[in-house]
Structures are given as C-alpha cells and as structure tokens.
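Asker: Just dropping this structure here.
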Amino acid sequence: MKELLQTYSEAFFARATLKVARDLLGANLNRRLGSGEVLTAIICEVEAYREDDPASHSYKGETERCRVMFGPPGRAYVYFIYGMYYCLNVVTEAAGTGGAVLIRGLLAEGLNGPGKICRQWQIDKNFNGVNLLDPASDLWLSKPQQALNHVVEVTPRIGISKATEKLWRFCIKQDESESVVYRQRKKSLR
C-alpha cells in the first residue's frame, strides 16, 4: 500500500498539457468509497484540452463552468454532459492558464469511457476542484507501482466537433479497454 500512496507534486501538473497527458498514461487513479473500500486502476487513455483549443471549455476564457481549469494544477475538473454523464479531468498548466486532461479510460473492466468511469466510481460534480494530489482525499492520483513498458498511440480526439484534426488523444497502444467510440471508429475504417 505504501507504493500506492506515492503521489505527484503540483509541479508535475503545472507543465504543458500535452506533456502531462502523455505522462499520465500508466498512473493510478484511486477512489475511496463511503464504505472505505479503495478502487485503483491504471490510466490508459486520455485527451488534452488547452485554452487555445476551440474544443476546450476554457477557450472563451474563465467562466463559472470552467473556473477550476484556471486554478491550481492537479485539481479535478468534473463536468456534466449530454444531461447524463460526468467527465473527470485533471487541471494542468500554471494557475491562470486554462488546461486539463480528460481521463477517457482505465485498465479495468467496464471503465472504457469517461462517463463509465464516473458512473461506476461514483464521481460527480461534488468532486469538482478536489485536490488529486492528496491521498487523504476520496479521489487522488498516484504514481505507477512499477515501470510500465508501453507504446503510446497518438490519435485525434473523439466525441468533439471542433479542432478534430489535433492529435491530442493518447492511449496505451492495443489496449482492450479503449473507449467504445474509438473501437467503433477503428472497425469503420476497415
């Protein structure tokens, strides 16, 4: 359990969003439930969003909805989409710059999409702004327990209508828990 608690520093997340996104692959997302049970899974799919990106919530500047994206790095940015799903992001860049990495997939059965992660792990708007660097929190990130030898696949982001050409989606190559939308897209290209 000691290795599980090796957390990241704020400086890790205060870097360029694209760098953080790639470096988050292999990290652990941890969730402490009300029962005390701790869920842990490896991050295997992410997408990057910056304030100069038309697909980002921070593109038009700081608003009530995306204020957390402009705050301290290493915080959770949680939002609600399609009237039914929550999505978990990790705030990146220095405070005052709007950047975040969307957690799209975890290496665990049924956690191959951002909405599935939040639904199954009971992550909702109450986690918006939570410090993901604090293992005393009910939601936090920790360093990999062992070095992972994986190939990073870089592709366009999915499920967006703007800036679709940007290669800002990163995943562990040939991972079976890739999001459902991505697997469907791969099939349609055959």
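Asker: Which condition does residue 59 not pass, out of (1) assigned to a loop (DSSP other than H, G, I, E, B); (2) closer than 22 Å to residue 164 by Cβ; (3) under 16 Å from the mean Cα position of the chain (by Cα), if it passes all the others?
Answerer: For residue 59, the exception is condition (3).
Asker: Look at residue 100 and say whether it is assigned to a loop (DSSP other than H, G, I, E, B), of a type in the set (A, V, I, L, M) and closer than 17 Å to residue 132 by Cβ.
Answerer: Numbers: assigned to a loop (DSSP other than H, G, I, E, B): no; of a type in the set (A, V, I, L, M): yes; closer than 17 Å to residue 132 by Cβ: yes.
No; evaluated as a whole, the condition is false for this residue.
Asker: Next question, about the same structure. Tell me the residue from 100, 94 that is modelled with pLDDT of 95 or more, among the small types (Gly, Ala, Ser), surrounded by fewer than 22 Cβ atoms within 10 Å (Cβ to Cβ) and closer than 20 Å to residue 68 by Cβ, please. Steps first, answer last, please.
Answerer: Numbers: 100 fails: surrounded by fewer than 22 Cβ atoms within 10 Å (Cβ to Cβ).
That would be 94, the only listed residue that is modelled with pLDDT of 95 or more, among the small types (Gly, Ala, Ser), surrounded by fewer than 22 Cβ atoms within 10 Å (Cβ to Cβ) and closer than 20 Å to residue 68 by Cβ.
Asker: Looking only at region 64-80, which residues are farther than 22 Å from residue 31 by Cα and in a helix (DSSP H, G or I)?
Answerer: 67, 70
Asker: Can you report the number of residues in region 5-39 which are polar (S, T, N, Q), within 16 Å of residue 90 (Cβ to Cβ) and either touching a Lys or Arg at 6+ places or on another chain (Cβ under 8 Å) or in a strand (DSSP E or B) (or both)?
Answerer: Restricting attention to region 5-39, the residues satisfying the condition of being polar (S, T, N, Q) are 6-7, 9, 17, 28, 30, 35.
Of the ones still in play, those that are also within 16 Å of residue 90 (Cβ to Cβ) are 7, 9, 17, 28, 30.
Subsequent filtering for residues that are either touching a Lys or Arg at 6+ places or on another chain (Cβ under 8 Å) or in a strand (DSSP E or B) (or both) retains 7, 17, 28, 30.
Residues in region 5-39 being polar (S, T, N, Q), within 16 Å of residue 90 (Cβ to Cβ) and either touching a Lys or Arg at 6+ places or on another chain (Cβ under 8 Å) or in a strand (DSSP E or B) (or both): 4 in total.
Asker: I would also like to ask the following. Among the residues of region 103-122 satisfying the criterion of being in a helix (DSSP H, G or I) and not charged (D, E, K, R), which is nearest to residue 169 (Cα to Cα)?
Answerer: In the first step, residues of region 103-122 are kept if they are in a helix (DSSP H, G or I); the result is 114-120.
Next cut, not charged (D, E, K, R) only: 114-115, 117-118, 120.
Working: 114: 13, 115: 17, 117: 17, 118: 19, 120: 23 Å.
Filtering first and then ranking leaves 114.
The values are calculated or read from the model by the stated rules, or taken from the named source; none is laboratory data. Computed from a predicted model, the values in this text were never measured in an experiment. No Cβ is skipped: glycine too gets one built from the backbone with ideal geometry, and neighbour counts run over all protein chains shown.
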